[in-house]
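Before I ask anything, let me first share the structure, which is written out below as structure tokens.
The values are calculated or read from the model by the stated rules, or taken from the named source; none is laboratory data. None of the values given here were measured: they were computed from a predicted structure. FYI the Cβ positions are ideal-geometry reconstructions off the backbone, even for glycines, and counts take in every protein chain you see. Just the protein is used for accessible areas: all its heavy atoms, side chains included, with ligands, DNA and RNA removed. Shrake-Rupley method; radii C 1.70, N 1.55, O 1.52, S 1.80 Å.
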Amino acid sequence: MLIELSCLLLLAAQPFSVRDVDRVKPDMPGTAPWKSVVLEPEYGGQWLVAGDLDGDGAPEIVSAENFNEGDVHYTSAVAAQCLDGSVMWRWGDSGKGRKNWHHDVACQIHDWDGDGQAEVVLCDEQAIVELDGKTGVEKRRIPIPKEASDCLVFCDLSGKSRPTDVLVKNRYEQMWAYNQAGELLWDVSMPGGYRTAHQPYPVDLDGDGREELIAGYALLNADGSVRWTYASNKIDLARGHLDCARILERGAKPEDWRIAMTFCGANALVVADGNGKVVWEVTGHHYESINIGVVSGELPGRQIAVDIDHMPEGDSPIWMLDRDGNKVGEVITPYSRHHKLVDWTGDGVEELVVAGNRALYSGTGERLATFSVPQAALDAATGVELSVLTGDMDGDGVPDILLITPSTLFIYRNTSGHKPEDKAPLGTGLNVTLY
């Protein structure tokens with residue numbers, strides 16, 4: 001009996017592996033979009049954010065084109081639309097950029113001045129541009145250095161209890177911090193001696209009311225000084241840069257925090273505490289974007305979902321790991337680069353949505369749904385990586401799912417999902433693809 005029980009426990013501990021490389025299973029009915037929005041054909045593009053631009057209690061969308069040359073890019077045109085497709089306003093030069101993306105685009109919706117009305121803030125060439133959310137009228141233009149238009153992150157460096165400061169950066173080397181008045185607070189080059197992350201990640205680890213910044217392999221204080229730099233005995237940090245940082249566990253003290261990070265080029269997925277001390281490391285693959293959530297009700301704490309990029313078409317895995325770094329299982333899809341977690345079934349456990357094959361998976365890799373997209377839209381997006389976002393798009397406080405091509409937004413209403421304790425923000429919040 002003891003031998004049988006031991007065998008059962010051993011079997012239960014084995015990670016699952018599901019290979020689902022059919023883009024659409026013929027026996028799986030599709031989930032139809034609640035709304036389809038044709039993006040403004042001249043100024044709109046695949047980079048998209050949603051929020052309440054006009055204060056009417058319903059979200060609108062802002063989509064953007066981007067200019068790219070030699071991996072230096074900036075936002076070149078944007079269009080704001082209601083969910084019925086009508087255009088609120090347009091901004092920029094529609095003849096400069098491209099509609100698809102292959103990197104983060106510096107264009108976000110944010111109430112920067114705290115007056116309760118949303119602004120659209122973007123990085124044009126050598127300027128942060130603030131637009132009135134309702135009208136698109138340019139409110140001001142803040143000069144920034146050349147090439148400092150790689151991304152746009154709002155944070156609270158000044159202790160004002162809301163994100164009034166903004167970070168911009170060039171591709172991999174330098175970062176600049178500005179306050180709400182547009183004054184330069186500081187700039188940092190090669191934080192800790194290493195390249196910057198794709199997106200600096202703000203978090204208040206010590207509870208002093210000012211956010212620190214995971215800027216790459218280094219954590220910066222609010223004044224831009226280096227608090228710590230990650231160190232490893234088995235990872236060559238000189239290879240590549242930090243791709244993604246997410247909070248696995250919060251704590252009362254920095255040493256109680258757990259920060260999950262992926263290292264591009266260095267081929268590692270790691271968890272460190274809030275002092276930068278190694279908790280665990282997994283190496284050997286090109287880990288990219290991290291989702292954190294409860295994907296299994298049988299495991300303690302929260303789990304990690306992370307894709308492994310630079311794999312052949314049809315052999316693209318997403319790994320599930322527990323909080324201690326043990327691999328729970330994997331789902332292999334045709335292309336897994338873009339993914340999110342969302343509670344779609346209402347059981348309080350989150351499911352995994354993968355943009356590439358428009359599929360929804362349980363925490364054990366079972367495909368639960370396929371999100372339908374008209375074939376004509378798929379044909380028009382041949383060779384393009386679909387984008388996936390989540391956010392409350394119907395005002396019920398439950399995150400919905402958005403799939404975006406360069407020409408069309410498809411919204412899938414979440415009618416059964418569990419409402420989070422902290423109600424989902426209206427719209428998508430910040431868009432971060434980590435490219």
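Given an 8 Å cut-off on Cα distances and at least 6 residues of separation, report the relative contact order of the chain as a percent.
15
Could you give each residue of the stretch 381-393 its phi-based ³J(HN,Hα) in whole Hz, using Karplus coefficients 6.51, -1.76, 1.60 with θ = phi - 60°, and x for Gly or Pro?
9, 4, x, 10, 7, 5, 9, 10, 10, 10, x, 6, 10
While we're here: Please work out whether the stretch 21-77 counts as rounded, prolate or oblate from its C-alpha gyration tensor, where a ≥ b ≥ c are the square roots of the eigenvalues and a/c under 1.5 means rounded, while otherwise a/b larger than b/c means prolate and anything else oblate?
Here the stretch 21-77 falls in the oblate category.
Of Pro425, Pro41, Pro59, which is the most mobile in a GNM of the chain whose springs link Cα atoms less than 10 angstrom apart?
Pro41
Please label the shape of the stretch 144-234 as rounded, prolate or oblate, based on the square roots a ≥ b ≥ c of the eigenvalues of the alpha-carbon gyration tensor (a/c under 1.5 means rounded; beyond that, a/b larger than b/c means prolate, else oblate).
It comes out oblate by the Cα gyration axes.
Projecting each Cα onto the charge dipole of the stretch 197-296 (Lys/Arg +1, Asp/Glu -1 at the beta carbon, about the Cα centre), which of Tyr201, Val295, Trp228 comes out farthest on the positive side?
Most positive-ward Cα: Val295.
Let me ask you something else. Given the pairs Lys35/Lys423; Lys96/Lys340; Lys35/Lys160, which span a C-alpha to C-alpha distance of over 29 angstrom in this model?
Listed pairs above 29 Å: Lys96/Lys340; Lys35/Lys160.
Of the accessible area of the chain, with the probe set at 1.4 angstrom, what percent is carbon plus sulfur?
For the chain, the apolar C and S fraction of the accessible surface comes to 49 percent.
Which whole-Hz couplings ³J(HN,Hα) result when phi for each residue of the stretch 31-46 is put into the Karplus expression 6.51 cos²θ - 1.76 cosθ + 1.60, θ = phi - 60°, listed in order with x for Gly and Pro?
8, 6, x, 6, 9, 10, 10, 6, 5, 3, x, 9, 9, x, x, 6
Tell me, what is the per residue accessible area of the chain in Å², probe radius 1.4 Å?
Here the per-residue accessible area is 40 Å².
Moving on. For the peptides 293-304, 350-361, what is the packing order when you average, over each peptide's residues, the other Cβ atoms within 10 Å and list the highest mean first?
Those peptides, ordered most packed to least, come out 350-361, 293-304.
Around Gly216, which amide H atoms from residues at least 5 apart in sequence, or from another chain, sit under 5 Å from its own amide H, with H modelled in the peptide plane?
Ala197
Enumerate the calculated ³J(HN,Hα) couplings along the stretch 402-409 in order (Karplus 6.51 cos²θ - 1.76 cosθ + 1.60, θ = phi - 60°), each rounded to whole Hz, writing x wherever the residue is Gly or Pro.
Each residue of the stretch 402-409 in turn: 10, 10, 10, 9, x, 10, 8, 9 Hz.
Cα to Cα, under 26 Å, and not fewer than 8 places away if on the same chain: which lysines meet these conditions relative to Lys277?
Lys234, Lys253, Lys327
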